[in-house]
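> What follows is a structure written as structure tokens; I'll ask about it next.
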Amino acid sequence: MNSIAKISREGASLFPACPPATNEIWTGAASKLRVVTVADEAPNVKTFVFQPEHPALFKYTAGQFLTLELSVPGGLLLRTYTIASSPSRPMTLSLTVKAQVDSVGTRWMFENLLPGSLVKAIGPAGNFTLERCQRPKLLFLSAGSGITPMMSMLRWLSDVATDADVAFVHCARSPEEIIFREELASASRILPGLVLGLVVGRGASDWEGLTGRLDIAKLESLVPDYLEREIFCCGPEAFMENAEAMVAQRGFAMAHFHQEAFTFASHGNVTLPTKKREPEFPKPEGSADSSHRLCFRSSGVEDVVRADETVLNVAHRNGVSIPSVCGMGLCGTCRVKKISGHVEMEHNGGITEDEIEDGYILACCSKPLSNIEIEE
């Protein structure tokens, strides 16, 4: 009897033979994420692969992000990371993160999240996705760890649209700092429609690619038809600003230029309130605009709301714990269930239409239009 036959007869407990029989979708509400592997990608860059704590599948759109709740010394910290894995492989989800010099949360992840560790996460959320694409040809422009949402999209396309026309231009400081370098090279050999361009700030003895800052001459040499493409751009703020200005000056139709708006990243370190505290916001004064009342059912808190106040303002004023990161309706971290009443919600893609139909709102950008009741 050979070893394969032996495994098929006796080894059902050794390796799963097929996906688990579950239709559950991980939502982050009641199930944490369990770290299954941690891998080095580049200097100060690691990939964390997660599975749900309880059997479930991941459902997200390539390009979206998660917000992790990290138990760093001094309190809970919220950090937002774009997903690097593909939704076509729903049994695991991976985040590839880079620890900057002044990093707190990511550095804590490096030192504390090991296989078997559990971490709470919120999401997925975000609208930097291929759903915004209106042209058949794509151009991914990324720098540094900004490559992660593009990698999720590329992995997705490699599974579901292998003939997609994709130009992928990535910039790094040096060849060794190119994240996913080997996988990108492999993809460019396998996918007939993928054109790969790598640009590094400083080369090495064996580097034969482009060096220096990405400019319009380099872009035009790598992707001559870039004006015809849908551009997705992600990276440091200066990189994105330069890329946007560069193509705009050449007459690119900017309705087809999308960039990951993580402008709230500098505000991403948010310590969650753990107990009721003294008011931080001024109490609303009695007026015609103060006629609405907001009730947090689980907390037993009720307060009057000014016309210009958001649900999150009132929650913070009363010590009701609602985690938030961006404050602009983008990240979806502050999603809460509205039990009754009406709100005016001006979000930036941090909530889906299905979630709205199910009664959820984003506390940071919702202003009551009537008396309302929130589940928190």
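The values are calculated or read from the model by the stated rules, or taken from the named source; none is laboratory data. All values reported here derive from a predicted model rather than from experimental measurement. Virtual Cβ from ideal backbone geometry, glycine too; neighbours counted across all protein chains shown. The protein model used for the area step is the full one, side chains on, heavy atoms only, and it has no ligands, DNA or RNA in it. Shrake-Rupley method; radii C 1.70, N 1.55, O 1.52, S 1.80 Å.
> Those residues that are of a type outside the set (D, E) and not in a loop (DSSP other than H, G, I, E, B), I need them from the stretch 57-78; list them, please. Please lay out each step first, then the result.
We begin by selecting, within the stretch 57-78, every residue of a type outside the set (D, E); these are 57-68, 70-78.
Hits for the stretch 57-78 are L57, F65, L66, T67, L68, L70, S71, V72, G75, L76, L77, L78.
> Let me ask you something else. For the stretch 59-75, what are the residues that are of a type in the set (S, T, N, Q) and out of contact with any helix residue (DSSP H, G or I) (no Cβ under 9 Å at 6 or more places or on another chain)?
Residues of the stretch 59-75 that are of a type in the set (S, T, N, Q), as a first pass: 61, 64, 67, 71.
Residue satisfying the conditions is T67 alone.
> Shifting gears a bit: In the stretch 79-93, how many are within 19 Å of P20 (Cα to Cα), open to solvent by less than 10 Å² (accessible area, probe 1.4 Å) and assigned to a loop (DSSP other than H, G, I, E, B)? Let's see the steps before the verdict.
If we filter the stretch 79-93 for residues that are within 19 Å of P20 (Cα to Cα), which is where we start, we get 86-93.
Applying the additional criterion that residues be open to solvent by less than 10 Å² (accessible area, probe 1.4 Å) yields 86, 93.
Subsequent filtering for residues that are assigned to a loop (DSSP other than H, G, I, E, B) retains 86.
Qualifying residue count for the region: 1.
> Go through the residues of the stretch 336-355 one by one and say whether even a single one is out of contact with any His (no Cβ under 8 Å at 6 or more places or on another chain), among the basic types (K, R) and surrounded by fewer than 17 Cβ atoms within 10 Å (Cβ to Cβ).
yes
> Hey, does the stretch 286-297 have a residue that's at pLDDT below 85 and in contact with a Gly (Cβ under 7 Å, 6 or more places away or on another chain)?
no
> Out of everything in the stretch 94-143 that is polar (S, T, N, Q) and part of a helix (DSSP H, G or I), what residue ends up being farthest from the chain's Cα centre (by Cα)?
Within the stretch 94-143, the subset polar (S, T, N, Q) is 94, 96, 100, 103, 106, 112, 117, 127, 129, 134, 142.
This time we only want the ones that are part of a helix (DSSP H, G or I), so: 106, 112.
Numbers: T106: 14, N112: 21 Å.
So the residue we want is N112.
> Among the residues of the stretch 186-219, write down those that are assigned to a strand (DSSP E or B), touching a residue at least 24 places away in the same chain (Cβ under 8 Å) and not small (G, A, S). Reasoning before the result, please.
The initial filter retains those residues of the stretch 186-219 that are assigned to a strand (DSSP E or B), namely 194-200, 210-211.
Narrowing further to those that are touching a residue at least 24 places away in the same chain (Cβ under 8 Å): 194-200.
Matches in the stretch 186-219: L194, V195, L196, L198, V199, V200.
> Also, quick follow-up: Considering every residue within the stretch 158-171, establish whether at least one is within 21 Å of the chain's Cα centre (by Cα), modelled with pLDDT of 95 or more, more than 24 Å from V49 (Cα to Cα) and open to solvent by 10 Å² or more (accessible area, probe 1.4 Å).
yes
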